[in-house]
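To keep things clear, I will list the structure first and then write my remarks on it.
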Amino acid sequence: MTRIVVVGAGPAGVAAATLLVERGADVTLIEERAQPGGQVWRAPAPGLALDMDRLLRGDSEGFRRFHAGFAVLRPRIDWRPETLVWNVHGGTVQIVAGGAQQALPYDALLLATGATDRIAPIPGWTLPGVFALGGAQAVLKDQGCLIGREVVFCGSSPLLFLAAVQYARFGAAVTVLDTTPLGAKISAVPGLAASAPRQLAKGIGLMAALRRQGRPMHLGVTLLGFEGSGGVTGVRWRDARGVERVTACDAVAYGHGLRPESQLAEIAGASLRFDRLRRFHAPEADALGRCGNGLYVAGDGAAIGGAEAAEVSGRLAAMALLADRGESVEFGALPERLARLRRFQDGLARAFAWPHAQVAALADGVTVCRCEQITAGEVRAVLAPQLGAAEVNRMKAATRCGMGRCQGRYCGHAAAEITAAALGRADAPLDRLRAQPPVKPLPIASALVEDDWP
Amino acid sequence: MSSVTADVGIIGGGLTGCATAYHLARRGARVVLLERGFVGAQSSGVNFGNLRLQGRYLRQLPLALRAQRLWEELEAEIGESVEFSQTGHVLAAVTPAHVAEIETHAVDCKPYGLDVEILDRRETLRRWPFLGEIVIGSSWSPRDATVNSRLVCPALARAARRHGADIREQVSVTAVEQAAGGAFRVVTDQGFVLDCGHLVNAAGAWAAPLAAQFGEEVPAFAAGPVQMVTEPLPRFLDPVIHAVDGGILFRQTARGNVLIAGHPRVPVDAESRRTRVPPQKATINMARLAKIAPFLRTQNIIRMWTGIEGYLPDMLPVFGPSRTTPGLLHAFAFCGHGLQIGPAVGAVLAELILDGGTQTPIGDFAIDRFRTPMAADKAKLKHEFDMEILDRKMPN
Ligand SMILES: Cc1cc2nc3c(=O)[nH]c(=O)nc-3n(C[C@H](O)[C@H](O)[C@H](O)COP(=O)(O)OP(=O)(O)OC[C@H]3O[C@@H](n4cnc5c(N)ncnc54)[C@H](O)[C@@H]3O)c2cc1C
Ligand SMILES: Cc1cc2nc3c(=O)[nH]c(=O)nc-3n(C[C@H](O)[C@H](O)[C@H](O)COP(=O)(O)OP(=O)(O)OC[C@H]3O[C@@H](n4cnc5c(N)ncnc54)[C@H](O)[C@@H]3O)c2cc1C
């Protein structure tokens, strides 16, 4: 019997697994966390009675539907929670679970590894109390905690207002500083209205909700930096008219959208392609998620698309997988639906653009790599077209930028922008830091092999 | 097609090529070095950084000791740091056979001018108390050192350029022709040719086809020594700890990470230049590390990698003049120990080219030792290489 391994139990992975078992396949679903849900349907830690209706409001129906669906799916699959896939090699996924490494062979592999925050460094971004936007949201969804009492939500992301509203529902005094240029948002509206009127209305509703509650909200601002010693105490910013201001706070949630967690796909053999609109690399796949050689990608890990697109793409990738194994499948209207959802995301990507020029111009003294404490100036100092670092991996070799615990997952995008701009190549496809296993830190104690050495 | 002329052309900008360019340029020769990618981006820039003297092939010691003197002076000479650190090296014995081996070696290396100290179990554990129960003795070599290999080639290449060497990156050599007078014409993929009187074949794991073109076939093959690294830890270790049989070795970098390696080497694809560490192999190295240094069990591995290194069945490099073609010199397949001797290899090649000879003995590395086919001692190499390599790549 063919063994299909699905990695990631967010909406994409669970939708894929559901379709596959319905068609009689033998499915192993692997998830690093204790519970399914991924980012969007992340469930509170066991034993924590978090009021999900209060947190999610209109989305709580989706949350319930997802978890009810999973309860039905669970007994029909080989469910492996708290299991990290650290590597893919020679037709096996390499996992760590319960403190032990193990290899699981597969016939087909479907990666639904999702996305995490993309960080645009600015002065003070490494201060304690400054959280990535998604991280701030995760703390609330997962632990029922807030990152602070007076929280500034800043940056540019479709999740900015959602996260701020959720924090406000749980009693935080929130301020929103949206750096999105107003023009970009307005020019994106017609496209958004056509491709996904529901999502657009939802976004506008979130802003209106904050306004009604009298929460301070400033659009089209420029962030100058996070301030404080030992911990963040304020955000310095310039308003749309050019007036410089400081907002006091005890925590900051800061984000510029998401980037796919594509390391595992790269290690599994997918080629990566540079997405010029979003300025990151994503696995090269066809419209259904095929990467070739029995490898499939779905959800945010394939293309940033939000929860609905994740679910649809999960089903499509599962269908493509079945079709490739000789089964008859009806794709129906799903491919067109996914295409429409992704067009909507293109609109969002234009409206909430990654501020690449600002990142490329980051002041020399500002830290780029948090793990290794490497500044923009240190990156620039080693760059040279000949006999210096002429691309980002050589830059890393010379400076250690991207060589720490996170392996460049957080600094890699900024480092690539700074490198390309300094070498006069900002318009060409960016270089990227190459991935190697493990995708996350791997405990030495998990190596429980019989080895006759010495 | 434009042409460039030089006294000496060098193919390959690893340590071998860069050190050769440096020594030649310092002595006034006109040198052009061609590197397909970036200098030091292959073996020379991804290695363990071990400048190990003890445990080497004995008759390589004159070359190795000459190299160590050059390393000791290098940073001052070129004005850049390569994180050279003379921290010494520990050969850790974990079997009685290992103890016998280090005791013999300590006597044998003395006449060459290498002094090492044999330590019993007690003294070994007194000096490095974190070592595991399995360590029963050691050999201590204080002159051994380490460098950050990522920094070495770019720094040496810049120094060579300051002395007038013309070093070109992202230029691939596609063919070598020889004119009637004996001069070489090196054809590149960048629209120019290089004409030179001497040619150094320093193309690492990719050098054997060029030698074969000049009638010098060698049974070279590529393999990858597995490396991995932990997160940075507070300082606890200065020297390299190296099990006598190479089954596991580790050191702590200047930043604090523990760098871990260990035999056997794994298969690599020199053609595509993509390397992946087989996970079973990584797991074995982690388990061995936990045996030799149990307290590291609580640490995490954050990255693993390997490189593409050239090997020969007798575990010695090809290094010296061509036996068929005057003006051609070979220096490749350093069998996993080319970093330490690299500077001296460059100095010797400069002497061979500019002086017509050298005082440093290198006869054992001559390319024509393979004229009569050499059978690999597979039993002996079993610890060194993955079975797949032994079965597929080794001559019988
Ligand atoms: C912090 C955050 C908050 C978000 N909030 C919202 C929201 O409120 N509403 C909304 O519409 N969208 C939200 N998004 C967008 C969201 O990512 C998508 O809507 C949706 O969750 C994508 O689904 P997915 O299945 O592709 O990936 P995810 O939901 O991200 O699921 C991927 C899963 O894979 C697992 N995984 C990854 N790598 C491995 C590995 N190596 N081994 C084992 N498991 C692994 C992860 O633990 C995760 O559970 C958020 C995104 C982020 C990053
Ligand atoms: C993982 C690893 C760990 C190691 N650890 C140690 C150690 O601790 N101590 C030690 O002493 N040694 C060590 N070694 C061995 C050492 O790194 C090598 O022996 C040494 O670097 C070889 O240098 P090289 O210049 O001969 O080869 P390389 O560094 O491989 O350089 C050869 C160069 O030639 C170029 N080239 C090839 N073909 C062409 C062409 N057609 N045109 C242009 N350019 C071309 C390549 O791109 C390459 O840059 C290790 C090796 C590896 C892989």
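Which numbered condition trips up residue A:270, out of (1) in a strand (DSSP E or B); (2) open to solvent by less than 30 Å² (accessible area, probe 1.4 Å)?
Unmet for residue A:270, out of (1) in a strand (DSSP E or B); (2) open to solvent by less than 30 Å² (accessible area, probe 1.4 Å): (1).
Among the residues that make up the stretch B:119-128, is at least one of them modelled with pLDDT of 95 or more and surrounded by 23 or more Cβ atoms within 10 Å (Cβ to Cβ)?
Scanning the stretch B:119-128 turns up no residue that is modelled with pLDDT of 95 or more and surrounded by 23 or more Cβ atoms within 10 Å (Cβ to Cβ).
Within the stretch B:4-24, restricting attention to residues that are more than 6 Å from ligand 2 (Cβ to nearest atom) and either within 13 Å of chain A (Cβ to nearest Cβ) or modelled with pLDDT under 95 (or both), which residue is surrounded by the fewest Cβ atoms within 10 Å (Cβ to Cβ)?
So the residue we want is B:22.
Results for (1) free of Cβ contacts under 8 Å to residues at least 24 places away in the same chain; (2) crowded, with 21+ Cβ neighbours inside 10 Å, shown as yes or no for each residue.
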residue	(1), (2)
A:368	no, yes
A:389	no, yes
A:397	yes, yes
A:404	no, yes
A:407	no, yes
A:434	no, no
A:437	no, yes
A:447	no, yes
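For the stretch B:92-108, what are the residues that are more than 12 Å from residue B:136 (Cβ to Cβ) and of a type outside the set (D, E, K, R)?
Of everything in the stretch B:92-108, those that are more than 12 Å from residue B:136 (Cβ to Cβ) and of a type outside the set (D, E, K, R) turn out to be B:104, B:105, B:106, B:107.
Filter the stretch B:137-156 down to residues that are open to solvent by 10 Å² or more (accessible area, probe 1.4 Å) and at the interface with another protein chain (Cβ under 10 Å from one of its Cβ atoms) and give me whichever is farthest from residue B:9 (Cα to Cα).
Top of the filtered list is B:148.
How many residues, within the stretch A:161-192, are in a helix (DSSP H, G or I), over 14 Å from residue A:140 (Cα atoms) and open to solvent by 30 Å² or more (accessible area, probe 1.4 Å)? Spell out the reasoning first.
Applying the first criterion (in a helix (DSSP H, G or I)) to the stretch A:161-192 yields A:161-169, A:182-192.
From the residues that got through so far, the ones that are over 14 Å from residue A:140 (Cα atoms) too are A:161, A:182-192.
Filter again for open to solvent by 30 Å² or more (accessible area, probe 1.4 Å), leaving A:182-183, A:185-187, A:189-191.
Total satisfying the criteria: 8.
Mind checking which residues of the stretch A:133-146 are open to solvent by 30 Å² or more (accessible area, probe 1.4 Å) and among the aliphatic types (A, V, I, L, M)?
A:139, A:146
Filter the stretch B:309-332 down to the residues that are over 20 Å from residue B:68 (Cα atoms) and under 11 Å from the mean Cα position of the chain (by Cα) and list them by number.
B:309, B:310, B:311
Go through (1) open to solvent by 30 Å² or more (accessible area, probe 1.4 Å); (2) within 14 Å of another protein chain (Cβ to nearest Cβ); (3) among the polar types (S, T, N, Q); (4) within 20 Å of residue A:278 (Cα to Cα) one by one and return the number of the condition residue A:373 breaks.
For residue A:373, the exception is condition (4).
Residue under question is residue B:192, and the condition is that it be within 16 Å of ligand 2 (Cβ to nearest atom) and farther than 27 Å from residue B:5 by Cβ; does it hold?
No, not satisfied.
Do you know which residues across the stretch B:36-54 are β-branched (Val, Ile, Thr) and either more than 12 Å from chain A (Cβ to nearest Cβ) or within 6 Å of ligand 2 (Cβ to nearest atom) (or both)?
B:46
Can you pull out every residue in the stretch B:55-67 that is under 24 Å from residue B:306 (Cα atoms) and either polar (S, T, N, Q) or more than 12 Å from ligand 2 (Cβ to nearest atom) (or both)?
Of everything in the stretch B:55-67, just one residue is under 24 Å from residue B:306 (Cα atoms) and either polar (S, T, N, Q) or more than 12 Å from ligand 2 (Cβ to nearest atom) (or both), namely B:57.
Please go through the stretch B:104-114 and pick out each residue that is free of Cβ contacts under 8 Å to residues at least 60 places away in the same chain and open to solvent by less than 90 Å² (accessible area, probe 1.4 Å).
Scanning the stretch B:104-114 gives B:104, B:105, B:106, B:108, B:109, B:112, B:113.
Would you pick out the residues in the stretch A:103-115 that are in contact with a helix residue (DSSP H, G or I) (Cβ under 9 Å, 6 or more places away or on another chain), more than 10 Å from ligand 1 (Cβ to nearest atom) and over 14 Å from residue A:295 (Cβ atoms)?
A:103 - this is the single residue of the stretch A:103-115 that is in contact with a helix residue (DSSP H, G or I) (Cβ under 9 Å, 6 or more places away or on another chain), more than 10 Å from ligand 1 (Cβ to nearest atom) and over 14 Å from residue A:295 (Cβ atoms).
Conditions (1) away from ligand 1 (no atom under 16 Å from the Cβ); (2) outside the structural domain of residue A:134 (by TED's automatic domain parsing); (3) touching a helix residue (DSSP H, G or I) at 6+ places or on another chain (Cβ under 9 Å), marked per residue:
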{"position": "A:203", "(1), (2), (3)": "no, no, yes"}
{"position": "A:215", "(1), (2), (3)": "yes, no, yes"}
{"position": "A:233", "(1), (2), (3)": "yes, no, no"}
{"position": "A:244", "(1), (2), (3)": "yes, no, no"}
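Among the residues of the stretch B:289-334, count how many are in a helix (DSSP H, G or I) and open to solvent by 20 Å² or more (accessible area, probe 1.4 Å).
So the count comes out to 5.
In the stretch A:335-349, which residue that is within 16 Å of ligand 1 (Cβ to nearest atom) and at pLDDT 95 or above is most open to solvent (accessible area, probe 1.4 Å)?
Selected residue: A:337.
Which pairs do you get when a residue that is closer than 21 Å to residue B:156 by Cα, found in the stretch B:169-180, comes within reach of a residue that is within 9 Å of ligand 2 (Cβ to nearest atom), reach meaning Cβ atoms under 6 angstrom, with the pair 6+ apart or on two chains?
Note: pairs meeting the criteria are B:169/B:35; B:169/B:38; B:171/B:34; B:171/B:188; B:172/B:36; B:172/B:189.
So which residues in the stretch A:376-401 are within 23 Å of the chain's Cα centre (by Cα) and either more than 10 Å from chain B (Cβ to nearest Cβ) or modelled with pLDDT under 95 (or both), if there are any at all?
Those that are within 23 Å of the chain's Cα centre (by Cα) and either more than 10 Å from chain B (Cβ to nearest Cβ) or modelled with pLDDT under 95 (or both): A:392, A:401.
Using the structure shown, decide if residue A:422 is open to solvent by 50 Å² or more (accessible area, probe 1.4 Å) and closer than 30 Å to residue B:168 by Cβ.
In short, yes.
The values are calculated or read from the model by the stated rules, or taken from the named source; none is laboratory data. Keep in mind that this is a model prediction, so the values were computed, not measured. Here Cβ is always computed from backbone atoms with ideal geometry, including for glycine, and neighbour counts include all displayed protein chains. Note: accessible area is taken over every heavy atom of the protein model, side chains too, but ligands, DNA and RNA are not part of it. Shrake-Rupley method; radii C 1.70, N 1.55, O 1.52, S 1.80 Å.
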